[in-house]
Amino acid sequence: MSSMRTLLAAWLSLSTATAWAQLPDAEADKPDGDKPAETAKEPEVPLTVAPCAQALPALRTPMAFMPGEVLEFDLDAMGAQAGKMTMRVQKPKDGHLPVEVEAQTNSFFSKVRRVHGSATTYLHPRTLRPRRYVEDTTENEMRRKVEVAFGQKDRSVKVDYQIGKRPKGQFNYTYDKDGLDVAGSIYLLRQLPLQENLQVCFDVYGVRRLWRMQGAVLKREQVTTPLGQFNAWHMTGTAIRLDKPSQKREVHVWISDDTRRLPLAAVGTLDLGAVRATLTSVSRPGEKRQEAGGEEDMKW
């Protein structure tokens with residue numbers, strides 16, 4: 001299992017983001033020659049994924065976030081604290097709004113697998129659609145690099161990747177109505193006109209694959225987090241891998257119902273349990289830093 005992708009998978013939640021909650025195939029990182037021989041079995045009936053009924057709705061204004069915002073999260077994997085994640089909105093550059101995500105395992109989880117990695121998405125400053133996404137991760141001694149280019153006109157997603165010293169690889173996809181990435185998707189979700197029963201559907205890049213996220217706003221809830229109590233919109237959905245529709249991941253996201261639209265928590269179900277990201281610190285220009293104040297863990 002890939003720990004970094006398990007951690008960032010928490011943000012492949014309703015995007016996600018995710019999305020946040022997807023794991024690659026057990027064979028995903030093996031070169032073809034390393035795959036075990038297949039045993040004889042009944043031929044499978046090809047599965048297809050239904051297209052999105054409609055594009056995402058127009059975004060709210062003004063933006064709920066700004067350059068200089070820093071969000072910090074605790075990451076839990078399969079019931080144990082696994083590490084930290086930080087999301088930073090950078091200053092606009094070359095017509096893009098960069099958002100950087102960095103994650104690292106703690107000393108306990110590093111006994112299983114040492115992970116440190118970062119991902120940066122380059123968003124259009126108004127539409128929040130990605131133009132480019134890069135990822136650089138080291139798991140134990142193995143370095144993994146990914147560059148993704150999004151073509152808005154032809155809806156293309158070109159993935160160039162390299163694992164260790166293996167030859168470079170490439171995947172080419174085409175998204176349906178909206179194409180996002182795991183890092184930037186949460187920022188677009190923060191700008192949606194959230195209301196009960198709002199249906200959302202979009203394609204999201206994550207773990208070298210393209211997934212279709214089909215979800216909805218479930219309801220408005222009051223939740224208790226390490227940062228205190230919030231009224232929040234509970235979003236739920238299912239991420240379906242487009243080239244292998246039998247692989248699905250359930251995801252949940254809570255976004256505060258206020259002007260900041262904070263991503264309070266995200267949970268993704270995996271084969272072995274759940275992965276959770278919980279917001280523990282908020283730093284924004286012109287505002288006092290908000291940190292966890294000893295509140296009990298989030299009530300679901």
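Suppose the filter is touching a strand residue (DSSP E or B) at 6+ places or on another chain (Cβ under 7 Å), surrounded by 13 or more Cβ atoms within 10 Å (Cβ to Cβ) and within 30 Å of residue 162 (Cα to Cα); does residue 241 pass it?
Values: touching a strand residue (DSSP E or B) at 6+ places or on another chain (Cβ under 7 Å): yes; surrounded by 13 or more Cβ atoms within 10 Å (Cβ to Cβ): yes; within 30 Å of residue 162 (Cα to Cα): yes.
Judged against the criteria, residue 241 is a match.
Listed conditions (1) out of contact with any Gly (no Cβ under 8 Å at 6 or more places or on another chain); (2) part of a strand (DSSP E or B); (3) more than 18 Å from residue 198 (Cβ to Cβ) are all met by residue 220, apart from (3).
Listed by first and then second residue, the pairs linking a residue in region 127-147 that is hydrophobic (A, V, I, L, M, F, W, C) to a residue that is surrounded by fewer than 14 Cβ atoms within 10 Å (Cβ to Cβ) and not in a strand (DSSP E or B), with Cβ atoms under 8 Å apart and 6 or more places separating them unless they lie on different chains, are 142/164.
One residue stands out in region 66-86 among those that are surrounded by 21 or more Cβ atoms within 10 Å (Cβ to Cβ) and of a type in the set (A, V, I, L, M, F, W, C): the one that is modelled with the highest pLDDT, namely 71. Scanning region 248-278 for residues that are at pLDDT 95 or above and under 19 Å from residue 236 (Cβ atoms) yields 254, 255, 256, 257, 261, 262, 263, 264. Going through (1) surrounded by 17 or more Cβ atoms within 10 Å (Cβ to Cβ); (2) more than 16 Å from the chain's Cα centre (by Cα); (3) farther than 24 Å from residue 82 by Cα; (4) not charged (D, E, K, R) one by one, residue 216 falls short only on (1).
Evaluate region 171-183: report whether one residue or more is part of a loop (DSSP other than H, G, I, E, B) and under 19 Å from residue 136 (Cβ atoms). Yes, the conditions are met somewhere in region 171-183.
Scanning region 174-209 for residues that are over 18 Å from the mean Cα position of the chain (by Cα) and not hydrophobic (A, V, I, L, M, F, W, C), we see that the one that is surrounded by the most Cβ atoms within 10 Å (Cβ to Cβ) is 176. State all residues of region 87-106 that are among the β-branched types (Val, Ile, Thr), at pLDDT below 95 and closer than 22 Å to residue 129 by Cα; if no residue qualifies, say none. The one that is among the β-branched types (Val, Ile, Thr), at pLDDT below 95 and closer than 22 Å to residue 129 by Cα: 101.
The values are calculated or read from the model by the stated rules, or taken from the named source; none is laboratory data. Everything numeric in this text was worked out from a predicted model, so none of it was measured. Here the Cβ is made from the backbone with ideal geometry for all residues, glycine too, and neighbour counts use every protein chain on show.
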